[in-house]
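In what follows, a single structure is set out as C-alpha cells and then discussed.
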Amino acid sequence: MTPLIEVQSLVKSYDLLPVLRKLNLNIERGEFVALLGPNGSGKSTLIRLLCGLSRPNAGVIRVGGWELPREAYAVRAQIGLVSHKPLLYENLSARENLLFFSRLYNIPRQKAEARIVELLAQVGLSKRADSLMRTFSRGMLQRLTIARALLHNPDILLFDEPYTGLDQDASAVLDGLLRGLYTEGRTVIMSTHDLPRAAELASRVVILSRGVVGYDAPTTELDALRLAAIYTETTSMTSAR
Ligand code: ADP
Ligand code: MG
C-alpha cells in the first residue's frame, strides 16, 4: 500500500539558502507524527509545502495519491491546517466565523449549522458559540481555529507549534483534543518544541536536522528523557569539533 503522505527528495530554498535538502518522508494513514527540530530547521516550511501553500524547488509531494502543486485543490480538501494565524474575523461570533468558512467550502447551510453545533461541542466552545471572537482567550481562539480546520472533515490535520502561548489549562485541553483526533483515526502532524508531549501524545517522532530527517522512530520505546537525549544528539552542531 502506498503511504498517505509521500515526500521524496524535497528541496526548498529561500534566496539560494537551502532549508530542505532532498528530504524524504512517508506517513501512513492514522499516524500521529511529532515534527521536531530547532528554530529555523524547516518545520513550518515543510508544513506549508504539505498543504500546497508553498512550492518546492524540487522533489515530489503526494497526499492521498494527489500530487502537489498540480493537484493542490484535491490535496487541500483532505487537509486541515492549524497555524499561528487564526484566520478568523474578530467581529464575528464563533458560530458566524464557522458559518462563513463553511460557505467557502460549499457546505450547504443546514448541514453546516448542524456540523458547527457538533464541532463547537467537540472543542468545548458550545457556551461561547455566540460570543464575538475578539473576546476569546488565546486557548479559546485556538480551539475555534481547530473547529474551523475540521469543518470539511479532513483526514489529515497539520498543527504548527500548537502549544506555543498556551497556559497549563489550555495545553491540557489541547492534549485531549489531539488525543481525540488521533483516536478517531485521523492522521496528525504536529510541529513542537515540547519533547515530553511529543513522546507522550505522538505515535512517531521525526527530527529535522540540516534540511533532512535526522531521526525517525515510533514512540513506543521512547520516554521524555530518552527523547531529550536523542534530540540533543541529533541536532547538536558537528562543526564544533
Ligand atoms: P521552523 O518552523 O523550523 O522554525 P521555518 O520553516 O520557519 O523553520 O524556517 C526555516 C528557514 O527558512 C529559516 O532560516 C527561515 O528564516 C527561512 N524562511 C522561512 N520562510 C521564509 C520566507 N518566506 N522567506 C525567506 N526565508 C524564509
Ligand atoms: Mg515554525
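How do the helices (runs of 4 or more DSSP H) wholly within the range 11-104 filter down when requiring 1 or more residues that are away from ligand 1 (no atom under 16 Å from the Cβ): which remain?
72-76, 94-104
Which members of the range 169-192 meet the condition of being among the small types (Gly, Ala, Ser) and either under 19 Å from residue 121 (Cβ atoms) or in contact with a strand residue (DSSP E or B) (Cβ under 6 Å, 6 or more places away or on another chain) (or both)? Spell out the reasoning first.
Restricting attention to the range 169-192, the residues satisfying the condition of being among the small types (Gly, Ala, Ser) are 170-172, 176, 180, 185, 191.
Once the filter is applied, which keeps residues that are among the small types (Gly, Ala, Ser) and either under 19 Å from residue 121 (Cβ atoms) or in contact with a strand residue (DSSP E or B) (Cβ under 6 Å, 6 or more places away or on another chain) (or both), the range 169-192 yields 170, 172, 176, 180, 191.
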Practice prompt. Report yes if some residue within the range 28-50 is in contact with a Lys or Arg (Cβ under 8 Å, 6 or more places away or on another chain), away from ligand 2 (no atom under 16 Å from the Cβ) and of a type in the set (D, E, K, R); otherwise report no.
Written response: yes
Worksheet item: Restricting attention to the range 38-67, which residues are charged (D, E, K, R) and crowded, with 17+ Cβ neighbours inside 10 Å?
Response: 43, 48, 62
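Out of 204, 226, 179, 138, which single residue is away from ligand 1 (no atom under 16 Å from the Cβ), of a type in the set (D, E, K, R) and crowded, with 19+ Cβ neighbours inside 10 Å? Don't jump to the end; show me each part of the working.
Working: 226 fails: crowded, with 19+ Cβ neighbours inside 10 Å; 179 fails: crowded, with 19+ Cβ neighbours inside 10 Å; 138 fails: crowded, with 19+ Cβ neighbours inside 10 Å.
Answer to the check: 204.
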Worksheet item: Which pairs do you get when a residue that is more than 14 Å from residue 11 (Cβ to Cβ), found in the range 58-71, comes within reach of a residue that is of a type in the set (A, V, I, L, M) and outside any strand (DSSP E or B), reach meaning Cβ atoms under 8 angstrom, with the pair 6+ apart or on two chains?
Response: 63/4; 63/50; 63/75; 64/4; 64/74; 64/75; 66/74; 66/75
Worksheet item: Of all residues in the range 1-27, which are within 16 Å of ligand 2 (Cβ to nearest atom) and under 28 Å from residue 229 (Cα atoms)?
Response: 19, 20, 23
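Values quoted throughout were computed directly from the atomic coordinates according to the rules given, and no laboratory measurement underlies them. Predicted model, so just to flag it, every value in this text is computed and none were measured. Neighbour counts are summed over all protein chains in view; Cβ atoms, including those assigned to glycine, are modelled from backbone coordinates with ideal geometry.
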